[in-house]
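All remarks here apply to the structure that follows.
The values are calculated or read from the model by the stated rules, or taken from the named source; none is laboratory data. These numbers come from a predicted model, not from an experiment. Here the Cβ positions follow ideal geometry from the backbone for every residue, glycine too, while neighbour counts run over all protein chains shown. Side chains are part of the model used for accessible areas, which takes the heavy atoms of the whole protein and leaves out ligands, DNA and RNA. Shrake-Rupley method; radii C 1.70, N 1.55, O 1.52, S 1.80 Å.
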Amino acid sequence: MTVSDYPGFSAETGLAEWNFYPEDCAPKRWARELAGVVADGLSDQGSWDLVGRGVLLEAEDPEFGLEIARRVASVSGFQLVEIPREDVWAGYGAWMSEFTGSSEPTEPMMLFLEPGMWLTAGNEDLKASLRFPHEPDFDPGRGTAFRRELLRFMLDGIGKRPLVVVSAVKSLEQADEGLRRVGAFDRYIGLPDLVPEDMAAAFVLSTGPELFDAAALADRARLGHFLEAEYGNSRRRLKLLQLGMRRLSRRENRKLGFRDLMTFALFGSLERDARLSDGETAWRTAVHEAAHVLVRYLSEPVGTIPEYCGIMEWDNMLGVTVDCYSARVNSFHQKTWQDMIANIRVTLGGRAAEHLVFGVKGLSAAGSRTDLDGVTSMVRAMIEDFGLPLRDGTFDEALDHLMVCSGVLSPSESAYNEFRIREFIRREYTECFQLLEGHRTLLLRLAEEIRSRVILDQRDLRLILETTPIESQDTVGLPYAA
């Protein structure tokens, strides 16, 4: 497939995702309503009240919210005025005076206020993921005074001017409730979720299709799943990725593929030669990561291959294995008992492989700490948070943990749960060890390829896994505990 054959692209510029949003989505409906107000005449106050004088856009980061505002303003016939964060609250007297006092309708305008700490009554009260970037010069007292003036401006100062005030938040929790009132920010517009194929198309369109090799252009689903899992809706990180790709393509004079994307996912925009671990550590790490790959491949559902794995020393890590994007259960509410058991076994595989290949004396002290901590948390959650059984056995066994422990556990409850958790992890570890022991040749071949090539993507792993004879066909697929 060539660049010109790539489906879904148009010559439109600007926000690439807009080309793939459905026509009945919230931001496009809003744009049509704004255009309708302009077409009907700018002085109809009732129409303005219904369309909304103040709008908050749901956006992962401010830059994405600004891009949405720019596109909506463009298609609806509004002039966009952008107020930087530092000027929103510190210099509000100047910009407010420019939009106050005119009684006659003029050119329709959209005022985008870059979001920041001025939006909330207490940044420190928000959970970490919702806090705005720290602004050293921000004065909470002046912020409170500004919000009062902003309300007065939106409720009384705009008057009949054809003006819409817009900002962006990740969640309504970020906005002071005092601003969420009729006549102020009384409208909250969410953005549609794109299917992976459309997410990929928008990314390629905005990056430049000529940068991608044929395989990356052809497999839109895989590219979309990669973007969703690794970058989410972070405009900042996506733009850094795009810039890094352009630099790499120019420096090496070639098109880029999935292996390059995996490298960016691992190392971000780092441009130094990351140091490989020494020989012994590299081999142990390769064995560890190979086990994660192999246990995933041989466990139910049989045949699932991770997206990529690699070994390199960075950020206090020596290796990583990333599960298959398309098979990953992203939603917390979609996880099942089977998903949790599979994840527990895959996570235990690294330590079990070290045990098998190097013996107890060769186990890395810190190499499996994160894995074991994760397994312990997952098993504890099965018992205490979800009321799930630890065995796929009899009806009575399924009733063992129906009491969910939402508060502080009593000493007897803690002791009972600790015993069950230890026994369960011990049993699952033994199953993993025996599975890897039955496929030792394949484990070591995988590990050798990982050590010599540093990063293997899904196609590399598939070639190894599907061309190496399976030693013990009867051990393919870990049976669920019975």
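If Leu150 satisfies all but one of (1) open to solvent by less than 40 Å² (accessible area, probe 1.4 Å); (2) touching a Gly at 6+ places or on another chain (Cβ under 8 Å), what's the number of the condition it fails?
Of the numbered conditions (1) open to solvent by less than 40 Å² (accessible area, probe 1.4 Å); (2) touching a Gly at 6+ places or on another chain (Cβ under 8 Å), the odd one out for Leu150 is (2).
Say whether the condition of being open to solvent by 30 Å² or more (accessible area, probe 1.4 Å), hydrophobic (A, V, I, L, M, F, W, C) and touching a Leu at 6+ places or on another chain (Cβ under 9 Å) is met by at least one residue in the range 168-177.
Yes, there is a match, as at least one residue in the range 168-177 is open to solvent by 30 Å² or more (accessible area, probe 1.4 Å), hydrophobic (A, V, I, L, M, F, W, C) and touching a Leu at 6+ places or on another chain (Cβ under 9 Å).
Only one of Gly143, Gly183, Gly159 is touching a residue at least 12 places away in the same chain (Cβ under 8 Å) and open to solvent by 30 Å² or more (accessible area, probe 1.4 Å); which? Talk me through it step by step, then tell me what you get.
Working: Gly143 fails: open to solvent by 30 Å² or more (accessible area, probe 1.4 Å); Gly183 fails: open to solvent by 30 Å² or more (accessible area, probe 1.4 Å).
None of the other options fit; the residue is Gly159.
Taking Ile341 and the conditions (1) open to solvent by less than 50 Å² (accessible area, probe 1.4 Å); (2) farther than 30 Å from Tyr231 by Cα, which numbered condition does it fall short on, given that it satisfies the others?
(2)
Out of all the residues in the range 374-393, is one or more part of a helix (DSSP H, G or I) and within 20 Å of Glu437 (Cβ to Cβ)?
yes
May I ask you to list the residues in the range 170-186 that are under 19 Å from Phe146 (Cβ atoms) and assigned to a loop (DSSP other than H, G, I, E, B)?
Those that are under 19 Å from Phe146 (Cβ atoms) and assigned to a loop (DSSP other than H, G, I, E, B): Ala175, Asp176, Arg180, Arg181, Gly183, Ala184.
Are any of the residues in the range 436-443 surrounded by fewer than 18 Cβ atoms within 10 Å (Cβ to Cβ) and touching a residue at least 60 places away in the same chain (Cβ under 8 Å)? Spell out the reasoning first.
Of the range 436-443, the ones surrounded by fewer than 18 Cβ atoms within 10 Å (Cβ to Cβ) are 437, 440-441.
Now restrict to residues that are touching a residue at least 60 places away in the same chain (Cβ under 8 Å): 437, 440.
Taking every residue of the range 436-443 in turn, at least one turns out to be surrounded by fewer than 18 Cβ atoms within 10 Å (Cβ to Cβ) and touching a residue at least 60 places away in the same chain (Cβ under 8 Å).
Filtering the range 357-373 down to residues that are surrounded by 15 or more Cβ atoms within 10 Å (Cβ to Cβ) and assigned to a helix (DSSP H, G or I), which residue is nearest to the chain's Cα centre (by Cα)? Don't jump to the end; show me each part of the working.
Of the residues in the range 357-373, the ones surrounded by 15 or more Cβ atoms within 10 Å (Cβ to Cβ) are 357-358, 364, 367-368, 371-372.
Restricting the remaining residues to those that are assigned to a helix (DSSP H, G or I) gives 357-358, 371-372.
Details: Val357: 35, Phe358: 36, Asp371: 21, Leu372: 24 Å.
This residue is Asp371.
Residue-wise test of (1) touching a strand residue (DSSP E or B) at 6+ places or on another chain (Cβ under 9 Å); (2) of a type in the set (Asp, Glu); (3) in contact (Cβ under 8 Å) with a residue 12 or more places away in the chain.
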{"site": "Arg53", "(1), (2), (3)": "yes, no, yes"}
{"site": "Leu56", "(1), (2), (3)": "yes, no, yes"}
{"site": "Pro62", "(1), (2), (3)": "yes, no, yes"}
{"site": "Gly65", "(1), (2), (3)": "yes, no, yes"}
{"site": "Ala69", "(1), (2), (3)": "yes, no, yes"}
{"site": "Ala73", "(1), (2), (3)": "yes, no, yes"}
{"site": "Val88", "(1), (2), (3)": "yes, no, yes"}
{"site": "Gly91", "(1), (2), (3)": "yes, no, no"}
{"site": "Thr100", "(1), (2), (3)": "no, no, yes"}
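Do the conditions hold for Leu211, that is, is it open to solvent by 60 Å² or more (accessible area, probe 1.4 Å) and aliphatic (A, V, I, L, M)?
Working: open to solvent by 60 Å² or more (accessible area, probe 1.4 Å): no; aliphatic (A, V, I, L, M): yes.
No; evaluated as a whole, the condition is false for this residue.
Could you list, in sequence order, all residues of the range 240-262 that are open to solvent by 50 Å² or more (accessible area, probe 1.4 Å), outside any loop (DSSP other than H, G, I, E, B) and touching a residue at least 24 places away in the same chain (Cβ under 8 Å)? Quick ask: steps written out before the conclusion?
At the first step, the residues of the range 240-262 found to be open to solvent by 50 Å² or more (accessible area, probe 1.4 Å) are 240, 243, 246-247, 250-255, 259.
Going one step further and asking which of them are outside any loop (DSSP other than H, G, I, E, B), we end up with 240, 243, 246-247, 250-252, 259.
Passing the criteria: Leu240, Leu243, Arg246, Arg259.
What number goes with the only condition from (1) farther than 30 Å from Arg237 by Cβ; (2) among the charged types (D, E, K, R); (3) surrounded by fewer than 16 Cβ atoms within 10 Å (Cβ to Cβ) that Arg29 does not pass?
(1)
Select from the range 290-349 the residues that are within 19 Å of the chain's Cα centre (by Cα), of a type in the set (Ser, Thr, Tyr) and modelled with pLDDT of 85 or more and list them in ascending order.
Tyr308, Thr321 - these are the residues of the range 290-349 that are within 19 Å of the chain's Cα centre (by Cα), of a type in the set (Ser, Thr, Tyr) and modelled with pLDDT of 85 or more.
Going through Ala218, Ala291, Ala202, Ala286 one at a time, which residue ends up being open to solvent by 10 Å² or more (accessible area, probe 1.4 Å) and either of a type outside the set (Val, Ile, Thr) or closer than 29 Å to Glu354 by Cβ (or both)? Give the derivation first.
Details: Ala291 fails: open to solvent by 10 Å² or more (accessible area, probe 1.4 Å); Ala202 fails: open to solvent by 10 Å² or more (accessible area, probe 1.4 Å); Ala286 fails: open to solvent by 10 Å² or more (accessible area, probe 1.4 Å).
When all the criteria are applied, what remains is Ala218.
If I filter the range 59-69 for residues that are more than 29 Å from the chain's Cα centre (by Cα) and on the phi < 0 side of the Ramachandran plot, do I get at least one hit? Don't jump to the end; show me each part of the working.
If we filter the range 59-69 for residues that are more than 29 Å from the chain's Cα centre (by Cα), which is where we start, we get none.
Taking every residue of the range 59-69 in turn, none turns out to be more than 29 Å from the chain's Cα centre (by Cα) and on the phi < 0 side of the Ramachandran plot.
When residues of the range 203-224 are filtered for being more than 23 Å from Phe64 (Cα to Cα) and small (Gly, Ala, Ser), how many remain?
4
When the range 419-433 is examined, which residues are found to be touching a helix residue (DSSP H, G or I) at 6+ places or on another chain (Cβ under 9 Å) and either of a type in the set (A, V, I, L, M, F, W, C) or surrounded by 14 or more Cβ atoms within 10 Å (Cβ to Cβ) (or both)?
Arg420, Ile421, Phe424, Ile425, Glu428, Tyr429, Glu431, Cys432, Phe433
Look through the range 294-320, keep the residues that are of a type in the set (D, E, K, R) and within 17 Å of Ala229 (Cβ to Cβ), and return whichever of them is most open to solvent (accessible area, probe 1.4 Å). Walk me through it before giving the result.
The initial filter retains those residues of the range 294-320 that are of a type in the set (D, E, K, R), namely 296, 300, 307, 313, 315.
Applying the additional criterion that residues be within 17 Å of Ala229 (Cβ to Cβ) yields 296, 307.
Details: Arg296: 26, Glu307: 4 Å².
Checking each candidate, the answer is Arg296.
Taking the condition of being within 18 Å of Leu348 (Cα to Cα) and β-branched (Val, Ile, Thr), how many residues in the range 376-431 meet it?
Here the count works out to 5.
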